[in-house]
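Structure first, then comments.
The values are calculated or read from the model by the stated rules, or taken from the named source; none is laboratory data. Because the structure is a prediction, the values reported are computed rather than measured. We place every Cβ from the backbone using ideal geometry, glycine too, and count neighbours over all the protein chains shown.
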Amino acid sequence: MSVFTQTVAGSYSGSAGWLCPAGVTSALVECWGGGGGGAGTGASCTHGAGGGGGGEYAAEPTLALTAGTYYSYVVGAAGTAGISGGGGGGPGGNSSFTGDSKTVTAHLGYGGTISAAGAGGSGSTNATHHNGGAGYVPSSGTNGGGGAGSGGSAAVGNSATTTGSGSGAAAVTGGGPGGDGGSGYSGSAPASGPGGGGGPGYAGQVQITYTASSARRGHIQRLPRSTQITAALTPSSIVAATNAESVALTGNLT
């Protein structure tokens with residue numbers, strides 16, 4: 001038997017389906033919400049704008065599943081950066097995975113504004129959940145506040161505490177860092193994911209870890225954002241989707 005971890009993250013966001021392989025009755029399912037974007041500083045402002053909040057982490061260690069069933073999931077989008085002139089940053093998106101009787105949901109990080117930092121994602125009721133950190137809003141100067149880190153697998157995300165270059169919050173274990181604040185603009189995206197706040201934030205992530213025969217790996221199918229996904233996915237609806245692409249998996253032998 002092998003332990004497989006399948007992850008959908010990075011530049012991809014949207015809805016999709018995962019086929020549970022034969023012999024699998026439960027899995028560790030982890031989700032990270034998308035990070036919020038930082039606001040753009042206005043020309044007449046007396047201080048820099050607020051950085052984006054980090055996405056929440058949520059997990060179920062033994063989410064009940066049924067072999068041969070397609071399960072729907074959503075990877076939360078990254079929050080957009082605010083335009084210069086005082087435009088607020090956009091919120092990230094919630095990430096979720098729906099099992100047989102329970103849904104894992106990690107909430108989005110919020111966008112910063114000209115006068116306030118973006119709040120971190122929070123509110124999950126899953127067995128394990130850690131809030132995202134909050135962005136930072138400066139009280140003086142023109143540099144924008146740093147973005148927050150996402151919640152991690154063992155701790156809440158770090159909040160940003162300063163402005164300008166190097167101001168993004170450090171990542172906690174199992175989480176993503178925040179992006180740096182900018183000077184006269186909304187700042188940079190986090191260097192890596194998942195779910196940190198930024199200038200533009202970083203997309204969320206969904207990860208499934210399960211034990212199965214090496215010949216029975218689960219299949220992830222990404223679907224176009226225009227395709228409506230419901231909890232009752234069928235193999236035919238996956239095959240019929242246009243421009244769909246498969247996601248590679250990695251296997252760690254035990």
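Before moving on, here are some points about what is shown:
- Which listed residue is touching a residue at least 24 places away in the same chain (Cβ under 8 Å), in a loop (DSSP other than H, G, I, E, B), more than 18 Å from Gly141 (Cα to Cα) and not hydrophobic (A, V, I, L, M, F, W, C), from Gly112, Gly48, Gly90: Gly90
- Residue within region 71-80 that is hydroxyl-bearing (Ser, Thr, Tyr) and part of a loop (DSSP other than H, G, I, E, B) present: yes
- Taking the numbered list (1) modelled with pLDDT of 80 or more; (2) assigned to a loop (DSSP other than H, G, I, E, B); (3) surrounded by 21 or more Cβ atoms within 10 Å (Cβ to Cβ); (4) touching an Asp or Glu at 6+ places or on another chain (Cβ under 9 Å) in turn, Gly174 passes all entries but (3).
A quick yes/no check of all residues on (1) among the charged types (D, E, K, R); (2) at pLDDT 95 or above:
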| residue | (1), (2) |
| --- | --- |
| Ser167 | no, no |
| Ala170 | no, yes |
| Gly193 | no, no |
| Ser214 | no, no |
| Arg222 | yes, no |
| Thr227 | no, no |
